[in-house]
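One structure below.
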Amino acid sequence: MPGYNPSSIEKKWQRFWAEHKTFATGGIDTSRPKYYVLDMFPYPSGEGLHVGHPLGYIATDIVARYKRAKGFNVLHPMGWDAFGLPAEQYAIKMNVHPRERTAENINRFRMQLQSLGFSYDWEREVDTTDPHYYKWTQWIFLKLFDTWFDEEQQKGRPIAELIEEYKSGKRKLDAGNWNELSPVERRKVLSQHRLAYLHEAPVNWCPALGTVLANEEVIDGKSEVGGFPVERKPMRQWMLRITAYANRLITGLENLEWSDSLKEMQRNWIGKSEGAEVAFEIANLKSQITVFTTRPDTLFGATYMVIAPEHPLAAQAAPAQVEAVKAYQKWAASRSDRERQEDTKKTGEWIGLNAINPVNNTPIPIYVSDYVLMGYGTGAIMAVPAHDERDHEFATKFKLPIIQVVGKDGETVDVQKEAFTEEGIAINSPWIEKLPTQQAKSKMLDLLEEKKIGKRQINYKIRDWLFSRQRYWGEPFPLVHLADGSIVRLADTELPVELPELADFKPTGTIDPPLSKATDWVNVHVLLETQNGSEVARIVPANTPNAQPARRELNTMPQWAGSCWYYIRYTDPKNGGAFVAPAAEKYWLANGVDLYVGGVEHAVLHLLYSRFWHKVLFDHHLVSCDEPFRRLVNQGLMQGEDGQKMSKSRGNVVNPDDIIKEYGTDPLRMFEMFMGPLEQGKPWSTAGVEGLYRFLQRVWRNLFDENDNPKLVADKADEALQRPLHRLIKKVTDDIERLSFNTAIAAMMEFNNAFAKSSGASKQTALTLLRLLEPFAPHFAEEVHVRLTGSNMSITVQPWPSYDPAMLIDSTLEVPVQINGKLRSRISVAADADEAAVLTTALADPEVQKFLEGKEPKKKIYVKGRMVNLVV
């Protein structure tokens, strides 16, 4: 059937690209510039893609195709973030192994992505559940385990170097001598420094799912998956010491090409605060409690203290308050940290103890309340209700004193009604009276240190990363627990530690993870050896001399683990001997990923975690720059036609397969880019796809007759189109560089209209238009290119067209002519015409002569390039 018919050409070209490996990435080629364009790789769910998912993928594909045409060696890969709770829950529900479900989902996603014509190098596909991949995830974890953070050098260093410093006496132990310590004691010392360590921490425990959950996986006290109740429970968990890198994670943002809003989200999450730690004596107890404050100038206004429900002091509550405090702690344990931070309703209990304010020796009551988090600062605050909104709400509810210590321009304000949180002048503060806030802070810090009741301190809101999960479908930890209770890492030769086959991988009903059921896998014998200066364990038969019994770690890693470093593996995905070859890493990641596109929902956690791992690898000289993603763009959210976020639960999901079946892939691709700026949210419109389908039909009709024969003039120079064509080349080029795809498409539409009106457009002009169109509508461009040239060569090997700057300037100008201030005519003159020539042309114009009525103008004025003004 003649005419543009997507169904007859798209599968054809997808097969061509696959058979010819058109988009296979070249190796290291220093003769060409490289360009690494990356998508945040998807979690392959059972539902498949909806039309919102490809939005960012289309954008990166346009850039990848454009950069190839510009002569770049382009890396544009795809893979699967395939471990995780949803796959495991589905497997439990359907009684199938999660590996089977995951494989089905991956195949479904791959087919959908291929149907969208993306120019991925499928030879570099990675899957986080593949042991060949997670071998190196485990290897990187062991790098973290074998790293300590040197505060003086502000970098991670091998744990073997810390051992040498202890051995030589360069670094002193708190007690004893390293060479006299037992192996168990040495392991305990090192665990206090390792970036990966075991720690008892209050976590979000979901009994129904049988696992701990990250704060972000808990909504209104229930699990995001399944909606099951979640409680706070202290458990021994693997943690990563991301807090050690907090300052570098903040300062590293400065030189990144990220949006200001995204950088601010990361800064707020890390939460750097400069202030003081202040020691308060506890009345009737021979102990102190330390608080951190960013406003030491307000110490005289501290009228009570608040500790987190998990704070050890809560266990020392006065006898009369013990039951009330325990009941409150139990209630608080059911709430996530996010709920505790966002809930404005203040709750709490007095613990029956008072602290002594060190600046005025005044007793102040100590409360337990969940608006204070154990993970921030010291888990205790001094409350200054006159100058903090949260403290004011609490004080008002519990009828506690509110004393103003900062005045506005030296005047008092009514702080009984609301907190005054601005800077001002210190009042009611004998040590710093009448000093402006900044001077008051500085002087108070000096006095606290002088009087030995406090010290300068920088704190961060970010907490160490809880890294273990009590589920089956995740990466096993390459660690063993010895009979003496200490922990040793496995030797590199033991990797990968593969998941054991389990027929029953359901939660155990206790805190024991599903891996506890694999008893033959769990219980092993090991020999202890030295590797690179560190102690390691090698699994051996039980009858091996000097072997000792051990138990494998039963937890698995979180889904975040595999996505922390996948962008590195893409550069060398088949390497069995290293996580990446140094030459490949240096070539592709010398300045980080050139363009990274993904959803704003990953703006904090995934990006922080990846940046943290990357900095650790950089400290070990395993990567060549200390930031992974140089340029980052978040695509906007695709909404349903009802204006709501697309989701299966809302019933507003649109399947791209249905759109492709009706209109084709290229109209879908172009419509998603034409809807508006990439970074803005936008509502879906199926009717809008039809508009782009009609546009491609019009382009086709401009090039072919009713029998699909080319109707172009082969050699004729279509002069009228040359300047518009060169403007189009510049416009599309600039717009792709700026990711302004909607305006590039609009410009091609405008040019196509001019093309349709031209009398005999040339084939060369048509081929240039096709080259510009190819990144947006690749199947269409390939088919038309072959039909016009008779060549079986892909259009993707054709270079990107260049424009002539001289052709961007009009050869003629249209100049309005005014007579006595009124517009009477318009004349066409050469763009470089001088004033005399323009005025001569104006006076000769018939319309002008009609209004002059034979009179000679008194004044003849020409404003260059803008207008002629005649006065008669």
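Given a 1.4 angstrom probe, I'd like the percentage of the accessible area of the chain that is carbon and sulfur, rounded to a whole number.
Details: 19070 of 38490 Å².
Carbon plus sulfur share of accessible area: 50 percent.
Classify the stretch 710-792 as rounded, prolate or oblate, taking a ≥ b ≥ c as the square roots of the eigenvalues of its Cα gyration tensor: rounded when a/c is under 1.5, otherwise prolate if a/b is larger than b/c and oblate if not. Oblate, since a/c reaches 1.5 and b/c is not below a/b.
With the contact rule set at Cα under 8 Å and sequence spacing of 6 or more, what percent relative contact order holds for the stretch 726-781? Once normalised by length, the contact order is 28 percent. With Cα atoms defining each centre, the stretch 212-261 and the stretch 586-624 are spaced 17 Å apart in the structure.
In the assembled protein chains, residue 570 presents an accessible area of approximately 0 Å² (probe radius 1.4 Å).
Model label points for residue 810 and residue 757, set 7 angstrom from Cα along the Cα-to-Cβ axis, are 1.3 nm apart.
Is the stretch 546-687 best put as rounded, prolate or oblate by its Cα gyration tensor, with a ≥ b ≥ c the root eigenvalues, rounded for a/c under 1.5, and otherwise prolate when a/b is larger than b/c, oblate when not? Prolate is the answer for the stretch 546-687, as a/c is 1.5 or above and a/b outweighs b/c.
In this structure, the residue pairs whose Cα-Cα separation is over 29 Å, taken from 12/70; 11/730; 93/222; 417/441; 326/455; 661/682, are 11/730; 326/455. Across the stretch 664-743, Cα pairs under 8 Å and at least six residues apart give a relative contact order of 41 percent. Taking the C-alpha atoms only, the angle from helix 719-737 to the longest principal axis of the chain is near 0 degrees.
This model, with +1 at the C-beta of Lys and Arg and -1 at the C-beta of Asp and Glu, gives the stretch 241-381 a dipole about its Cα centre of some 260 debye. Dipole orientation for the stretch 522-614: of the candidates 561, 546, 609, 546 has the Cα lying most toward the positive pole (charges on Cβ; Lys, Arg +1; Asp, Glu -1).
Shape call for the stretch 43-194 from the C-alpha gyration tensor, a ≥ b ≥ c root eigenvalues: rounded (a/c under 1.5), prolate (a/b greater than b/c) or oblate? In terms of gyration-tensor shape, oblate.
With a Förster radius of 22 Å applied to the beta-carbon distance between residue 99 and residue 506, the computed FRET efficiency rounds to 0.90.
In loop segments of the stretch 422-455 as defined by DSSP, the trypsin sites (Lys or Arg not before Pro) with at most 12 further C-beta atoms inside 10 Å of their C-beta are 434, 451, 452. Listed values for the stretch 828-837 are Karplus-derived 3J(HN,Hα) couplings in whole Hz (6.51 cos²θ - 1.76 cosθ + 1.60, θ = phi - 60°), namely 10, 9, 4, 4, 9, 5, 7, 4, 4, 5, and x replaces Gly and Pro. Here the calculated FRET efficiency for residue 208 and residue 107, from their Cβ-Cβ distance with R0 = 25 Å, stands at 0.25, rounded to the nearest 0.05. Taking a point 7 Å from the Cα of residue 680 along the Cα-to-Cβ direction, the residues of the stretch 38-67 with backbone N closer than 18 Å to it are 55-56, 59. Counting only alpha carbon atoms, the long axis of helix 159-168 and the longest principal axis of the chain meet at about 40°.
Here the relative contact order of the stretch 470-583, from alpha carbon pairs under 8 Å that lie six or more residues apart, stands at 31 percent. Computed extension length for residue 662-residue 574: 27.8 nm, one decimal, from 0.36 nm per residue of separation with the Cα-Cα distance subtracted. Post the alpha-carbon centroid distance, the stretch 556-576 to the stretch 772-801, in whole angstrom. Each part's Cα centre sits 35 Å from the other's.
In the chain, helical runs assigned H by DSSP with n ≥ 4 each contribute -39500 (n - 2.57); averaged across all residues and rounded to the nearest 500, the mean residue ellipticity at 222 nm is -10500 deg cm²/dmol. Look at where the Cα atoms of the stretch 633-669 and of the stretch 292-339 average out, and the two centres are 48 Å apart.
Computed from the C-beta positions of residue 235 and residue 259, the FRET efficiency with R₀ = 30 Å rounds to 0.20.
Note on residue 170: lysines with a C-alpha under 24 Å away, same-chain residues under 8 apart excluded, are 143, 155, 188.
Principal-axis analysis of the Cα atoms of the chain puts helix 665-674 at an angle of about 80° to the longest axis. Stretched out straight at 0.36 nm per residue, the stretch from residue 20 to residue 581 would grow longer than its current Cα-Cα span by 199.3 nm. Note on residue 185 and residue 362: the model spin-label points, each 7 Å out from Cα along the C-beta direction, lie 4.9 nm apart.
In this label model, residue 168 and residue 743 are separated by 5.9 nm, measuring between points 7 Å along each Cα→Cβ vector.
Rolling a 1.4 Å probe across the protein heavy atoms gives the stretch 787-828 an accessible surface of 61 Å² per residue. Multiplying the residue separation of residue 828 and residue 396 by 0.36 nm and subtracting their alpha-carbon distance yields 147.7 nm.
The values are calculated or read from the model by the stated rules, or taken from the named source; none is laboratory data. As the structure is a prediction and not an experimental result, all values here were calculated from the model. Note: ideal-geometry Cβ built from the backbone for every residue, glycine included; neighbour counts use all protein chains shown. Keep in mind that these areas ignore ligands, DNA and RNA; they rest on the heavy atoms of the full protein, side chains included. Shrake-Rupley method; radii C 1.70, N 1.55, O 1.52, S 1.80 Å.
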